[in-house]
1. Take segment 53-83 and flag every residue that is within 16 Å of ligand 2 (Cβ to nearest atom) and either among the hydroxyl-bearing types (Ser, Thr, Tyr) or in a helix (DSSP H, G or I) (or both).
2. I'd like to verify a number: residues in segment 204-220 that are away from ligand 1 (no atom under 14 Å from the Cβ) and either at pLDDT below 85 or not in a loop (DSSP other than H, G, I, E, B) (or both), how many?
3. Kindly establish whether Leu88 is within 16 Å of ligand 2 (Cβ to nearest atom) and either open to solvent by less than 10 Å² (accessible area, probe 1.4 Å) or in contact with a Cys (Cβ under 6 Å, 6 or more places away or on another chain) (or both).
4. Which residues, taken from segment 127-166, are of a type in the set (S, T, N, Q) and out of contact with any strand residue (DSSP E or B) (no Cβ under 6 Å at 6 or more places or on another chain)?
5. If only one of Val226, Val110, Val169, Val196 is open to solvent by 10 Å² or more (accessible area, probe 1.4 Å), at pLDDT below 95 and in contact with a strand residue (DSSP E or B) (Cβ under 7 Å, 6 or more places away or on another chain), which one is it?
6. Any chance segment 64-74 includes a residue that's within 11 Å of ligand 1 (Cβ to nearest atom) and at pLDDT 95 or above?
7. Kindly indicate whether Lys234 is in a helix (DSSP H, G or I) and over 18 Å from Phe348 (Cα atoms).
8. Take residues that are within 16 Å of ligand 2 (Cβ to nearest atom) and in contact with a Pro (Cβ under 9 Å, 6 or more places away or on another chain) and tell me which of the helices (runs of 4 or more DSSP H) falling wholly in segment 146-203 contain 1 or more.
Amino acid sequence: MSESTTQITFHDMDLSKEILRAIKDMGFEAPSTVQARTIPLMMDGADINAIAPTGTGKTVAFGIPMLEYVQLQDDCVQEVVLAPTRELALQIGDELTKLAKYIKGCRIAVLYGGQPIPKQLNALKRKPQIIVATPGRLLDHMNRGNIRLSGVHTMVLDEADEMLNMGFVKDVTKIIEATPKERQLVLFSATTNQDVLTIAWKYQNNPVEITVEATKEDRPQIAQYVISTEQKQKMDNLLYLLDADVYQRIMIFCNTKFMTDRLTSDLKKKGYDAECIHGDIPQSKRNVVMSDFRKGKYPILVATDVAARGIDVDDVEAVINYDLPEENEYYLHRIGRTGRAHKHGVSFSLVTFRESVRMDEILRYMIAKPLPLHFEDEVLRNEDGTAFFDHI
Ligand code: ADP
Ligand code: MG
């Protein structure tokens, strides 16, 4: 987001005064690299397959062109964003709402599983031009005849790789097929995979591929540390990190709902202010937990991967891998929760001897990728000068 990588400014982009005003309110001075590269193309109507690291501003990259397209006098659904999780759908809805602040008559509905259908029907009665949804729930509304996509101009798949990974290929395909052939199809993800390429190949017209390797300025500054430990020591290691008292906002990742619950209740018993999110917690509760965390009402959020995917919380200072993720990409997405929007972040992975093989695999994966990562040289030390833990 600096002059060296991004000469183009928001003012060069032929944006409406309403959008420019909203961007100003949001405090954005210059477009990020992915924004500079995709917004003009998307506004020209191109199909785009964009791959850019987490935290580089992809939501605004597709959000601005979408809002510039909206025909306010038309009541039909014109733009659809699909997202893999409820939290992400809500977050995209929030970001679009902020961008649309000065566009009078622009209506955005967010539809996701877990929320009562009647509430969503009310939102649909307001004739939204823009829908942000998880695939399953959107398809449900389509099957009930609540939504028609025949007037769709632009369709965005956010976190396309993850969404398709999560078994949404069929749903996503059906949704795309319900939109006009000539609609614009835009895919955004942090990493790519075969399913993304297949969707691109099947449904995009002359797609432009944009890969953004984060520039020095865009790149999340994440110092990564590995703590070699034993399973029964993990809680002590965790408490050591929490008691360091330098972090106001921390995310801890576990691999299972069970572990997430147990760790949260253990922390609570020890007097820490912690909450958790995972797939079995009712949606309304998850929304409250997330919004309280964003507002800084409590400092420690314990989460599973799926529940936390794509979520943007400003100022997460530290990510702790209590369990090592089973998928390499999850490591990237987990630590990507910190170091966002030009801030420094730190991650700690608690690694047992058994997990060290996984850690090596993760490292190889991270090194093989042209990644936005920043490896810091400092090593935390014990009082006697020995390294407290290894640093990647
Ligand atoms: P991604 O989808 O690439 O992971 P997000 O869209 O969630 O990233 O954006 C990450 C953060 O950066 C958000 O808080 C967003 O408001 C902020 N952001 C987006 N664009 C800009 C910009 N041009 N300048 C400063 N901050 C920005
Ligand atoms: Mg995103």
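The values are calculated or read from the model by the stated rules, or taken from the named source; none is laboratory data. What you see is a predicted model; the values in this text were computed from it and never measured. Please note: Cβ atoms are built from the backbone with ideal geometry, for glycine as well, and neighbour counts cover all protein chains shown. What goes into the accessible areas is simple: the full protein's heavy atoms, side chains included, and nothing from ligands, DNA or RNA. Shrake-Rupley method; radii C 1.70, N 1.55, O 1.52, S 1.80 Å.
1. Selection gives Thr54, Thr56, Lys58, Thr59, Val60, Ala61, Phe62, Gly63, Ile64, Pro65, Met66.
2. Step one: filter segment 204-220 for residues away from ligand 1 (no atom under 14 Å from the Cβ), giving 204-209, 216.
Remaining after also requiring either at pLDDT below 85 or not in a loop (DSSP other than H, G, I, E, B) (or both): 208-209, 216.
Summing the residues that are away from ligand 1 (no atom under 14 Å from the Cβ) and either at pLDDT below 85 or not in a loop (DSSP other than H, G, I, E, B) (or both) in segment 204-220 gives 3.
3. yes
4. Gln129, Thr134, Asn143, Asn146, Ser150, Asn165
5. From the options Val226, Val110, Val169, Val196, the qualifying one is Val226.
6. Checked segment 64-74: at least one residue is within 11 Å of ligand 1 (Cβ to nearest atom) and at pLDDT 95 or above.
7. On the way: in a helix (DSSP H, G or I): yes; over 18 Å from Phe348 (Cα atoms): no.
When the stated conditions are applied, Lys234 does not pass them.
8. The qualifying helices (runs of 4 or more DSSP H) are 160-163.
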